[in-house]
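Worksheet for the structure shown next.
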Amino acid sequence: MKITTTLFLFFIVQVFFAQEVKNETIKVDAKKNVIPAVDSTQIAATATAISSKTKEDTKYLNDQLKSEKKALKEAKKIEKEQERFEKEKKDFNKKQSRIFSGEKSVRNIKDKISKSQRNLITSKEKLDKKIAKGSLSSNRIKKENIKISKQQIKTNKLEEDLEKAEKKIK
């Protein structure tokens with residue numbers, strides 16, 4: 001009971017000695033926060049400050065957007081250059097492989113030509129020896145000459161193939 005009477009006395013003393021309260025208009029926003037009213041000049045100054053800040057923000061955002069577009073453009077350009085480089089590299093490798101295969105075929109043809117010429121020379125020497133001995137008839141000599149002629153034609157064709165392969169390499 002003592003506590004209730006002391007609280008009551010305290011309350012009465014506070015009400016009696018309470019100060020005057022000024023009457024200000026108070027606005028309540030949608031969130032039910034209490035906002036004291038301000039002069040219209042303060043509102044106008046705040047509005048211009050806010051609008052200048054939003055202008056700065058939009059300018060900053062536009063600048064950022066432009067720089068991102070520029071970066072994207074650069075990235076696309078680099079990507080195209082990379083693709084072009086890869087294509088050129090691929091073409092170069094194809095040409096190199098063609099050159100190597102052409103050189104290989106030239107070597108093979110040269111080997112065949114040299115072998116054919118050796119065979120031609122040995123065939124002529126054998127024919128000359130047989131003719132010198134007199135062991136061949138005229139028909140046999142004609143047949144051997146035809147074989148030698150065929151070998152010469154074969155050698156000439158190989159030489160033509162060699163010229164074509166060399167032109168192809170160039």
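Some points to look at:
- Here the condition is being under 28 Å from GLU166 (Cα atoms) and either in contact with a Cys (Cβ under 6 Å, 6 or more places away or on another chain) or surrounded by 10 or more Cβ atoms within 10 Å (Cβ to Cβ) (or both); of GLU88, GLU68, GLU81, GLU74, it holds for GLU88 alone.
- Where LEU136 falls short, out of the listed (1) closer than 17 Å to LYS170 by Cβ; (2) outside any helix (DSSP H, G or I): (1)
- Scanning the stretch 120-158 for residues that are of a type outside the set (A, V, I, L, M), under 26 Å from SER105 (Cβ atoms) and open to solvent by 70 Å² or more (accessible area, probe 1.4 Å) yields LYS150, GLN152, LYS154, ASN156, LYS157.
- Failed item, numbered, when SER105 is tested on (1) of a type in the set (Ser, Thr, Tyr); (2) open to solvent by less than 60 Å² (accessible area, probe 1.4 Å); (3) more than 16 Å from ILE169 (Cβ to Cβ): (3)
- Members of the stretch 112-128 that are touching a residue at least 12 places away in the same chain (Cβ under 8 Å) and aliphatic (A, V, I, L, M): ILE113, LEU120, LEU127
- Matching entry among SER101, SER105, SER149 (being in contact (Cβ under 8 Å) with a residue 60 or more places away in the chain and assigned to a helix (DSSP H, G or I)): SER105
The values are calculated or read from the model by the stated rules, or taken from the named source; none is laboratory data. Computed from a predicted model, the values in this text were never measured in an experiment. Cβ sites come from the backbone with ideal geometry, for glycine too, and all protein chains shown count toward neighbours. We work out accessible area using only protein heavy atoms, side chains counted, and drop any ligands, DNA or RNA first. Shrake-Rupley method; radii C 1.70, N 1.55, O 1.52, S 1.80 Å.
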